[in-house]
Each structure stands twice: as structure tokens, then as C-alpha cells.
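The values are calculated or read from the model by the stated rules, or taken from the named source; none is laboratory data. Predicted, not measured: the structure shown is a model, and the values here were computed from it. Cβ sites come from the backbone with ideal geometry, for glycine too, and all protein chains shown count toward neighbours.
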Amino acid sequence: MATSTTSSSTRPGSPAPWKAPSPLPRGGTLVLVGVLKADITFSDSEFHRREMTVKATRNATRQDFETVMAAMERGDVPMDALNTHAGTLDELPEAMPAWLRSKTPPLKAIVTV
């Protein structure tokens, strides 16, 4: 069974809906680890067509995080799809407001210090 594992965090300001990743294979499981103060959306027709399973945890245990990290290390997690924005710490004061206003706000942003 294929699994797509993702973590989420809150965004500053008024939270925008988070769109679930679409490259999940047929029969795959979308695992959400963490808390997002926004709606989570995905296509109902894609959900049923792909026969997806959705699992979520708010109070993840150490074992849960180790499972997620192992999946990431194996390459089971589409990191390119998760890491949506990148910049340096110096760029962040200008970049973050622009990212949040964009049609594709950050899912995860990588900030280089």
C-alpha cells in the first residue's frame, strides 16, 4: 500500500484552505501529522476514483514521528511537492507576505539561515 505522509503547521493570519497533494497512487493512504488551523480540501471524485484512505493524528507519539521520518528517508514522501517555497532569512520579511498573498501559499517553506 502506498502512503503519502505530510506534516502541517499553522500559517500566520487568516488561514487559507490547505489542498491535499494529488500524486497519491490508487489505494494510497494520506497521513496527516500535526495541527492545521484551516480547512483541508481534496477532490471528492479523485478521492473515490483513487480509493484513498485518509488518516490523521493530532497527538503524535515518538513512534509516529519515527515512522514519518523513516518514510521520508526511504523517499516515500514527495518532498518536492511538500517544500513549496524557499528563501534566506534575510529575504523572509519581504518574501513571506508575498507568499501568503499568492495563489499558492506555502505548504512548507525552507528558510536558509
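What about THR53, is it under 18 Å from GLY28 (Cα atoms) and either of a type outside the set (A, V, I, L, M, F, W, C) or at pLDDT 80 or above (or both)? So THR53 fits the description; yes. Look at THR67 and say whether it is part of a strand (DSSP E or B) and surrounded by 15 or more Cβ atoms within 10 Å (Cβ to Cβ). Spelling it out, it is not the case that THR67 is part of a strand (DSSP E or B) and surrounded by 15 or more Cβ atoms within 10 Å (Cβ to Cβ). Among the residues of the range 57-78, those that are of a type in the set (A, V, I, L, M) and modelled with pLDDT of 80 or more comprise VAL68, MET69, ALA70, ALA71, MET72, VAL77.
For the range 70-103, the set of residues classified as in contact with a helix residue (DSSP H, G or I) (Cβ under 6 Å, 6 or more places away or on another chain) and in a strand (DSSP E or B) consists of HIS85, GLY87, listed by residue number.
Cβ-Cβ distances below 6 Å connect the following pairs, each with a first residue in the range 92-111 that is under 17 Å from ASP39 (Cα atoms), a second residue that is of a type in the set (Val, Ile, Thr), and a separation of six or more residues or different chains: PRO106/THR84; LEU107/THR84.
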